[in-house]
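Q: I have a structure here, written as structure tokens, and I will follow up with some questions on it.
The values are calculated or read from the model by the stated rules, or taken from the named source; none is laboratory data. Everything quoted here is computed from the prediction, not taken from an experiment. Heads up, the Cβs are rebuilt from the backbone with ideal geometry, glycines too, and the neighbour counts pull from every protein chain shown.
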Amino acid sequence: MKLAARAGRIVPSPTLSITATAKAMAAQGIDVIDFASGEPDFDTPEPIKQAAEAAIRSGFTKYTASSGIDELKSAIVDKLQAEQGLRYEKAQILVSCGAKHTLYNLAQALVEAGDEVVIPAPFWVSYRDQVLLNDATPVLLETRETEGYAISRAALEACVTPKTKAIIVNSPGNPTGATYDLATLEGIAEVALRRDLLIISDEIYEKILYDGARHISIATLGADVAARTVVVNGVSKAYAMTGWRIGYAAGPKDVITAMADIQSQSTSNPTSISQKAAVAALRGGDAFPQQMVKEFDRRRRTMVERLNKLPGVSCRMPSGAFYAFPNVTGLLNRRHATGSITSPTDLAAYLLKEAQVAVVPGEPFGSPDHIRLSYATSMEAIARGLDRMENALSKLT
Ligand code: PMP
Ligand code: GLU
């Protein structure tokens, strides 16, 4: 069968496929340590599960409004008002099947052949492929580890052409764990206003911040900025609800309406039961995410400290999300019994085979210098995984 060209332009999500490999190895009885999965290891809180059960028992099991139930849209409007001071009407909210689906609806609504989207690199794997799936061109804006992955106004400006439709902002970011400070966000907003760009602000890790940092949504920088920003968020990371598949967008009415129309012709509504659960999550306060972040913080320090002790590895302290993103250039061109390590992909393959430790190589995130390890796993797994890595790396010559 001759498939559409777009199917050949993309690869399956590397984060999901490496996680699936690790899970398949574990199912075969192999004692694999999984640092690949990008999801909290915590269980969904009980009151959220109870809301879902109540939805099932009361027969809330039919199609809902395709763009999401009013009750959930109200909870989202209230959350954005209370936490960010942002004012939206319900017509400016779309609930989708996870933030990944939210972003996909947006790409569908916004871009086509000839359009460009600026994506700061390193980037979360799906941004690039979603742009490609919609026949547009991703333009990578390289950022530097030594500058905390900040975006300079001049570097952004250099990527913008008359074809640029949007820039993606992801703070706290996956895979770097970096957050943008106010000056960086102001620089992006200023360029977006002047060059007529839509800002796609993926804030899915907003509640996973350390050292007292406060989340700043770029949409709060002024009414003119909010008018050209689509805030993307969801319940997956903050409430340990990755499997429930609820994400949402808040933004200009015309963009949201187009996205909602696309959703009505593709998936229809997100799961009715999950929507009720998401209401309970958003209305349930921050005690759960705060407790989870406290634990992630302990793990973050332990993992980064251990990584920095590995010869050839150096790791910045991430300020948000739950990923360590160590620089492994000091390990490249080293040899092992059956070959040599010339890239992060080789290193990830070596660690999986030699140490049964699953990590994601940097290349699919746009970095030839790093690997990504999630610390959303137990302290015990972190200790054992790092022991194994130390042992495997000591065999390199
Ligand atoms: N954005 C980023 C940066 C992510 O890491 C993820 C995790 N998969 C998502 C969006 C999508 O999350 P979900 O679809 O589970 O809401
Ligand atoms: N966002 C997570 C990750 O980066 C989940 C997997 C995915 O959807 O990419 O690993």
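Q: Could you pull out the residue among ALA107, ALA99 that is farther than 22 Å from LEU141 by Cα, surrounded by 22 or more Cβ atoms within 10 Å (Cβ to Cβ) and within 16 Å of ligand 1 (Cβ to nearest atom)?
A: Values: ALA107 fails: farther than 22 Å from LEU141 by Cα.
Testing whether each residue is farther than 22 Å from LEU141 by Cα, surrounded by 22 or more Cβ atoms within 10 Å (Cβ to Cβ) and within 16 Å of ligand 1 (Cβ to nearest atom) leaves just ALA99.
Q: I'd like to check which helices (runs of 4 or more DSSP H) are fully inside the range 49-147 and have at least 2 residues that are closer than 30 Å to GLY366 by Cβ and of a type in the set (Gly, Ala, Ser). Before you say what the answer is, go through the steps one by one.
A: Numbers: elements: 70-79, 99-110, 125-133.
Correct list: 99-110.
Q: Also: Counting only residues that are assigned to a loop (DSSP other than H, G, I, E, B) and among the charged types (D, E, K, R), which one in the range 34-48 is nearest to ligand 2 (Cβ to nearest atom)?
A: Going through the range 34-48, the residues assigned to a loop (DSSP other than H, G, I, E, B) turn out to be 35-45.
Those still in the list that are among the charged types (D, E, K, R) too: 39, 41, 43.
Values: GLU39: 6, ASP41: 13, ASP43: 17 Å.
Among residues in the range 34-48 that are assigned to a loop (DSSP other than H, G, I, E, B) and among the charged types (D, E, K, R), the one nearest to ligand 2 (Cβ to nearest atom) is GLU39.
Q: What number goes with the only condition from (1) away from ligand 1 (no atom under 16 Å from the Cβ); (2) among the hydrophobic types (A, V, I, L, M, F, W, C); (3) farther than 21 Å from SER96 by Cα that LEU209 does not pass?
A: Here LEU209 meets the rest and fails (1).
Q: Still on this structure, I have one more. Select from the range 124-179 the residues that are acidic (Asp, Glu) and closer than 24 Å to LEU373 by Cβ and list them in ascending order.
A: Start the filter on the range 124-179 by keeping residues that are acidic (Asp, Glu), which leaves 129, 135, 142, 145, 147, 157.
Across the range 124-179, the qualifying residues are ASP129, GLU142, GLU145, GLU147.
Q: Sort out which residues of the range 214-248 are part of a loop (DSSP other than H, G, I, E, B), within 14 Å of the chain's Cα centre (by Cα) and either closer than 14 Å to LYS79 by Cα or without any contact (Cβ under 8 Å) to a residue 40 or more places away in the chain (or both), and write them in order of number.
A: The answer is VAL235, ALA238.
Q: Considering the range 1-31 alone, what residues qualify as being small (Gly, Ala, Ser) and surrounded by 13 or more Cβ atoms within 10 Å (Cβ to Cβ)?
A: Of all residues in the range 1-31, those small (Gly, Ala, Ser) come to 4-5, 7-8, 13, 17, 20, 22, 24, 26-27, 29.
Scanning the range 1-31 gives SER13, SER17, ALA20, ALA22, ALA26.
Q: Restricting the range 173-184 to residues that are outside any helix (DSSP H, G or I) and more than 9 Å from ligand 1 (Cβ to nearest atom), which is surrounded by the most Cβ atoms within 10 Å (Cβ to Cβ)? Before you say what the answer is, go through the steps one by one.
A: Our first condition is that a residue be outside any helix (DSSP H, G or I); within the range 173-184, this holds for 173-181.
Cutting the leftovers down to more than 9 Å from ligand 1 (Cβ to nearest atom) gives us 176-181.
Working: THR176: 30, GLY177: 27, ALA178: 26, THR179: 26, TYR180: 23, ASP181: 15.
Ranking the candidates gives THR176 first.
Q: Oh, and also: Run down VAL313, VAL304 and say which single residue is at pLDDT 95 or above, farther than 28 Å from LEU103 by Cβ and touching a Gly at 6+ places or on another chain (Cβ under 7 Å). So that I can check it myself, show each step before the final result.
A: On the way: VAL304 fails: touching a Gly at 6+ places or on another chain (Cβ under 7 Å).
Checking each option against the conditions leaves just VAL313.
Q: For the range 357-369, enumerate the residues that are more than 14 Å from ligand 2 (Cβ to nearest atom) and part of a strand (DSSP E or B).
A: Matches in the range 357-369: VAL357 only.
Q: Another question, then. All but one of (1) away from ligand 1 (no atom under 15 Å from the Cβ); (2) among the charged types (D, E, K, R); (3) closer than 19 Å to ASN105 by Cβ hold for ARG245; which doesn't?
A: (1)
Q: Continuing with the same structure: If only one of GLY29, GLY8 is part of a helix (DSSP H, G or I) and away from ligand 1 (no atom under 16 Å from the Cβ), which one is it? Full working, then the answer.
A: Working: GLY29 fails: part of a helix (DSSP H, G or I).
Exactly one residue qualifies, and that residue is GLY8.
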